[in-house]
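A.B. asks: The structure's right below; bear with me while I get my questions together.
The values are calculated or read from the model by the stated rules, or taken from the named source; none is laboratory data. Worth saying up front: this structure is predicted, and the values here are computed from it rather than measured. Cβ coordinates were reconstructed from backbone atoms using ideal geometry, including for glycine residues, and neighbour counts include every protein chain displayed. Accessible surface areas use protein heavy atoms only, side chains included; no ligands, DNA or RNA. Shrake-Rupley method; radii C 1.70, N 1.55, O 1.52, S 1.80 Å.
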Amino acid sequence: MRKQELWKGVIAGTAAGLAGTVAMTQFQNLWSKASEKLKTNGHQQSSGNSSGQESEDATMKVAGKAAEATGRHLSREEKKKAGTLVHYGFGTGMGTLYGTIVELGPRELQRHDLLSGIGFGSMLFAGADEVAVPALGLSGKPTETPVSSHAYALASHIVYGLTAGAVRKAVRAAL
């Protein structure tokens, strides 16, 4: 058994969180493109709002509230850009937490990296998307959200977790 070293867990987890967030974002982009293609091929009308503007997601709302706390108002475009930073910052930070937990936790977590990653991603979905985000008023109640949206979010977090588990293992081994 290797020695537990917090700094190595933090570095491996941070890299894992960033990589997981990149993978999750790419998965979401592919899902969105596939959904649009299916809608187009099926000749379904878009269910978006009539103004052509998308609603603000939770990361955009956080970015807007953070800016307001400093006395600044962000335009929609600025919120969108800052929301990306919020998304990557949160995902990377959660990866740091994951790396720390795996480093200092039971050895089984280190032996089953992909499973622990899936578990962490799933818990992140449940804790953040299903509890914290609605509780903070950044989204509607989970019971008011279509099942398909929950499935999309869970699948996204599983991609995050799988990627984070694999990258954490590789980075930790390199250290």
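A.B. asks: Cβ contacts < 6 Å: first residue of a type in the set (Phe, Trp, Tyr), restricted to region 74-103; second residue open to solvent by less than 30 Å² (accessible area, probe 1.4 Å), any location; separation 6+ or different chain. Result?
C.D. replies: Matching pairs, first to second residue: Tyr88/Thr21; Tyr98/Gly13; Tyr98/Ala164.
A.B. asks: For region 66-175, which helices (runs of 4 or more DSSP H) that fit wholly inside it have 3 or more residues that are modelled with pLDDT of 95 or more and under 28 Å from Gln4 (Cα atoms)?
C.D. replies: Details: elements: 76-104, 107-111, 113-124, 147-174.
Of the helices (runs of 4 or more DSSP H) lying wholly inside region 66-175, those with at least 3 residues that are modelled with pLDDT of 95 or more and under 28 Å from Gln4 (Cα atoms) span 76-104, 113-124, 147-174.
A.B. asks: Here's a follow-up. Report yes if Gln26 is open to solvent by 50 Å² or more (accessible area, probe 1.4 Å), at pLDDT 95 or above, under 26 Å from Ala153 (Cβ atoms) and not aliphatic (A, V, I, L, M), otherwise no. Can you show your working first?
C.D. replies: On the way: open to solvent by 50 Å² or more (accessible area, probe 1.4 Å): yes; at pLDDT 95 or above: yes; under 26 Å from Ala153 (Cβ atoms): yes; not aliphatic (A, V, I, L, M): yes.
Criteria met by Gln26.
A.B. asks: For region 57-81, what are the residues that are of a type outside the set (Lys, Arg) and surrounded by 19 or more Cβ atoms within 10 Å (Cβ to Cβ)? So that I can check it myself, show each step before the final result.
C.D. replies: To start, the set of residues in region 57-81 that are of a type outside the set (Lys, Arg) comprises 57-60, 62-64, 66-71, 73-75, 77-78.
Answer for region 57-81, where residues must be of a type outside the set (Lys, Arg) and surrounded by 19 or more Cβ atoms within 10 Å (Cβ to Cβ): Ala58, Thr59, Met60, Val62, Ala63, Gly64.
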